[in-house]
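Just so you know, all these numbers are worked out from the coordinates, no wet-lab data involved. Please read all numbers here as calculations on a predicted model, not as lab measurements. Neighbour counts are summed over all protein chains in view; Cβ atoms, including those assigned to glycine, are modelled from backbone coordinates with ideal geometry.
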Amino acid sequence: MGAAKVFNLDTAGTLTVHAEGFSCLTDMAYDPKDDNLCVMQFGVFGPVDSTLNFILGTAAVMKIMPDGSHTPIAQGIGGLAPTFTFDANGDLYVADIVFGQILKYSFTTSVEAPPVESAKVKAFPNPFSEHITIEYELAQSAQVSAEIFDLTGRRMASFDQGKQVAGKYSFNWNAIDASGAKAAPGMYIYRLTVGKQLISGAMNLTGKK
């Protein structure tokens, strides 16, 4: 659990904690569809290779309810995200500074359950030297595809899984890039697209066998 908090300052000047348990909050805005406060979690701090750093793929926009509880409404952002905004229709736009892109979410205010939970996506073994398996479990049918990027944003591989019904699935990456060459050791990002949902995670390719 992170140490970042959201405070409430009332008209009497009393400062209280409204919500907590975040990592590095960098932006906030109200959702125009329900007027609930949303905050930008830049990323989660933790072990990366042999150092401590922000873990790619952990940025998230969190919605805070009046009682202080919170839930992610946009996650699976490939890199790290410092800011976001809503347009007049309630669509959400998130800036990813690692891949240099703006991600649009037009489904974040829906009460429908997502087709796949981020906790049910796993990459193993990680670190890996030759092959890695990305496993995911669908709660409902959805169109599924996946891409793998290096840290410069270059796409290394893509996978079109097609329309899949509810169940558990997986695919493998053999550390070969789009040109057929062996990928260099280092950190890579997988991005799983399930319907309109994005889920990402980091993978560490080592030179050891």
| request: Among (1) 13; (2) 32; (3) 20, find the value of percent of Cα pairs over 32 Å apart that was calculated from the structure presented, and write down its label. | output: (3)
| Subset of Lys33/Lys168; Lys5/Lys196; Lys33/Lys104; Lys104/Lys182; Lys33/Lys163; Lys63/Lys120 violating a 25 Å alpha-carbon distance limit | Lys33/Lys168; Lys5/Lys196; Lys104/Lys182; Lys33/Lys163
| note | If one builds a Gaussian network model of the chain from Cα atoms under 10 Å apart, the most fluctuating residue listed among Leu198, Leu25, Leu52 is Leu52
| field | Most fluctuating residue given options Asp35, Asp91, Asp177, as computed from a GNM of the chain linking Cα atoms under 10 Å | value | Asp35
| field | Between segment 1-58 and segment 119-189, the alpha-carbon center distance in angstrom | value | 29 Å
| message | Quick check: from the Cα gyration tensor, does segment 4-105 come out rounded (a/c under 1.5), prolate or oblate? | response | oblate
| Cut-off 14 Å between beta-carbons: net charge of the residues surrounding Lys104, Lys and Arg +1, Asp and Glu -1 | -2
| request: May I ask for the net charge around Ala4, where only other residues with Cβ less than 14 Å from the Cβ of Ala4 are counted and Lys, Arg are +1 while Asp, Glu are -1? | output: -1
| field | Relative contact order, percent, segment 4-105 [alpha-carbon distance under 8 Å, six or more residues apart] | value | 20 percent
| request: Starting from the Cα gyration tensor of segment 1-43, take the square roots of the eigenvalues, sort them a ≥ b ≥ c, and report rounded, prolate or oblate (rounded when a/c is under 1.5, otherwise prolate if a/b is larger than b/c, else oblate). | output: oblate
| said: Rounded, prolate or oblate for segment 116-162? Axes are the square roots of the Cα gyration tensor eigenvalues, ordered a ≥ b ≥ c, and the cut-off for rounded is a/c under 1.5. | reply: oblate
| query | Which residue, Gly13, Gly167, Gly79, has the most motion in a Gaussian network model of the chain that connects Cα atoms within less than 10 Å? | reply | Gly13
| Given a Förster distance of 25 angstrom, what is the FRET efficiency for Ala184 paired with Phe124, based on the Cβ-Cβ distance and rounded to 0.05? | 0.75
| message | If neighbour count is taken as other Cβ atoms inside 10 Å, put Val194, Val121 in order from fewest to most. | response | Val121, Val194
| message | Given an 8 Å cut-off on Cα distances and at least 6 residues of separation, report the relative contact order of the chain as a percent. | response | 15 percent
| Listing Arg155, Arg191 from the residue with the fewest other Cβ atoms within 10 Å to the one with the most, what is the order? | Arg155, Arg191
